[in-house]
Amino acid sequence: MSSFLLKNIQINDLNSSLHGQLGDLGVQDGVIKAFGIDVNEAEYQHIIEFSGCYLSPAFVDLRCNSSDPGYEYRETNQTLASSAFAGGFSQVAVLPNSLPCRQSKGDIENLKHQSQHLPVQLLPIGAICTDLKSDDLTEMYDMKQHGAVAFSNANYAIANIGTMSRALQYSKTFDGLLYSFCQETDLTQGAYVAEGPIAVSLGLKGMPQMSEYLMVQRDIELADYHQCKLHFSKISTEKSVELIRQAKAQGIAVTCDVAVMNLALTDETIMDFDSHLKLNPPLRQANDVKALWEGLRDGTIDAICSDHHPQDIERKQLEFEYAAFGAISIQIAYSIAVEGRNRFCPQLSDDVLLSKFNQGPRAVLGLSPCTIAEGQKAEFTIINPQHQTILTRRNNRSKSENTYYMDKPLPNFIEATFNGLHHVFNKNN
């Protein structure tokens, strides 16, 4: 087995007694064996200098759109794992929007089996409703017993309040976690961008903030009424943040995440009709983005998700109106977040930002914490704040290329990711 000595690296892990310390970290057979300033170099096969870099628990993604099975020409589980690993992730929660939909215990077991030999653990999310769009509930209990970490209707909101109420009651019986994607579709029909001056100037119908926060308010009331937990996925508006902040203050068991693209860009970016920026929820106005960052700062928002959504060229190289929603992002998610932080919330520390990628998502899903300590599994990512990331068609690990950030420099660079016996060293740009 390979062994590595990572020299002159700083530990960034708020849960570790090593937090803030600078030294050499030794890894043998996928386990952290030593840390200090006098580690014996002779015991290690590979000695690598990481001066100026810091080491953090590996990232966990709460939301990644599924392309396998059914849409393997966009992304396979193998290319997804490769992209995620290069981006610093060791675990990725995969939505059920494959073809066929992931809605049975067999589907859950299949994804877990396929994940066994991948560098990244794919965490199955089961469907709440049959085929995602009906009002018939799936056998969520069976899926939970076979490894589903949560349940979601992916990019479809549950419009029927009775269906959502029954789903919450059902999930409470086995401590299941439901994802709520909040969008009142009667208010967004035929809309592709955020409602506001930009939409008006472009002559496009806008998605109002109200289409999101009305459903956030509805589902908070349901979670409170049934006294069960609920996760809000991909919130994007100022009022949604405030409603969730109030709910948490009242002791209602809700958590939430935000998609990384909604933290870095505003609706002004779509003036060029770049279809790579056709997203759902849409890019919103600066006040919304600033509110999202404030929610991250004060703990209202628990995690940042990639919402990695591969699309083939035929679905993206179209007029903005006809293009599909979604962008790839998992390989550069952390750098996008740093870019957004530097622009909208420079006072937010690296410690807090990293926690929204590692410990925050783990807490939402009830996963075991990941700690940097001797004797623990080597599950970490190494970040170089002095170098930039540039995603190119050559180093892109995804099968798809639908991103606004292709060939654009971003701050910080993921030097390496370790996950037990798996490791990857990225080439500097």
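The values are calculated or read from the model by the stated rules, or taken from the named source; none is laboratory data. This structure is a prediction, so every number in the text was calculated from the model and none was measured. Cβ: placed from backbone, ideal geometry, glycine included. Neighbour counts: every protein chain shown.
Against the condition of a type in the set (Lys, Arg), in contact (Cβ under 8 Å) with a residue 12 or more places away in the chain, out of contact with any His (no Cβ under 7 Å at 6 or more places or on another chain) and under 17 Å from residue 257 (Cβ atoms), how does residue 399 come out, does it pass?
no
Considering only residues that are surrounded by 19 or more Cβ atoms within 10 Å (Cβ to Cβ) and either touching a helix residue (DSSP H, G or I) at 6+ places or on another chain (Cβ under 7 Å) or basic (Lys, Arg) (or both), which ones fall in region 46-56?
Just the residues of region 46-56 that are surrounded by 19 or more Cβ atoms within 10 Å (Cβ to Cβ), to begin with: 50, 53-56.
Result: 56, single match.
So, of the residues in region 327-358 that are surrounded by fewer than 22 Cβ atoms within 10 Å (Cβ to Cβ) and among the polar types (S, T, N, Q), which turns out to be nearest to residue 265 (Cα to Cα)?
342
Could you please let me know if residue 48 is touching a Cys at 6+ places or on another chain (Cβ under 8 Å), closer than 25 Å to residue 395 by Cβ and among the β-branched types (Val, Ile, Thr)?
no
Can you name every residue in region 403-426 that is in contact with a Gly (Cβ under 7 Å, 6 or more places away or on another chain) and either in a loop (DSSP other than H, G, I, E, B) or without any contact (Cβ under 8 Å) to a residue 24 or more places away in the chain (or both)?
Passing the criteria: 420, 421.
Quick one: residue 7 ticks every box in (1) assigned to a loop (DSSP other than H, G, I, E, B); (2) within 24 Å of residue 427 (Cβ to Cβ) bar one, so which box is it?
Single failed check for residue 7: (1).
Which condition number in (1) buried (at least 24 other Cβ atoms within 10 Å of the Cβ); (2) touching a helix residue (DSSP H, G or I) at 6+ places or on another chain (Cβ under 9 Å) is the one that residue 213 fails?
The one condition residue 213 does not meet is (1).
Sort through 86, 93 and tell me the only one that's over 22 Å from residue 234 (Cα atoms) and within 16 Å of the chain's Cα centre (by Cα). Before you say what the answer is, go through the steps one by one.
On the way: 93 fails: over 22 Å from residue 234 (Cα atoms).
86 is the lone residue from the list that is over 22 Å from residue 234 (Cα atoms) and within 16 Å of the chain's Cα centre (by Cα).
Could you give me the residue pairs with C-beta distances under 7 Å whose first residue belongs to region 277-306 and is farther than 11 Å from residue 262 by Cα and assigned by TED's automatic domain parsing to the domain that holds residue 196, whose second residue is among the β-branched types (Val, Ile, Thr) and assigned to a loop (DSSP other than H, G, I, E, B) wherever it lies, and which are 6+ apart or on separate chains?
Pairs that qualify, where the first residue is farther than 11 Å from residue 262 by Cα and assigned by TED's automatic domain parsing to the domain that holds residue 196 and the partner is among the β-branched types (Val, Ile, Thr) and assigned to a loop (DSSP other than H, G, I, E, B), are 295/301.
Rundown of residues vs (1) part of a helix (DSSP H, G or I); (2) modelled with pLDDT of 95 or more; (3) over 30 Å from residue 366 (Cα atoms); (4) in contact with a Gly (Cβ under 9 Å, 6 or more places away or on another chain), yes/no style:
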{"residue": "236", "(1), (2), (3), (4)": "no, yes, no, no"}
{"residue": "243", "(1), (2), (3), (4)": "yes, yes, no, no"}
{"residue": "257", "(1), (2), (3), (4)": "no, yes, no, yes"}
{"residue": "269", "(1), (2), (3), (4)": "yes, yes, yes, no"}
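Filter region 197-231 down to residues that are among the small types (Gly, Ala, Ser) and assigned to a helix (DSSP H, G or I) and give me whichever is nearest to residue 366 (Cα to Cα).
Only one residue tops the list, namely 223.
Collect the residues in region 228-244 that are buried (at least 19 other Cβ atoms within 10 Å of the Cβ) and farther than 16 Å from residue 208 by Cα, keeping them in residue-number order.
Within region 228-244, 228, 229, 230, 231, 232, 233, 243, 244 meet the criteria.
Just to check your reading of the model, which residue among 379, 374 is surrounded by 16 or more Cβ atoms within 10 Å (Cβ to Cβ) and not polar (S, T, N, Q)?
Checking each option against the conditions leaves just 379.
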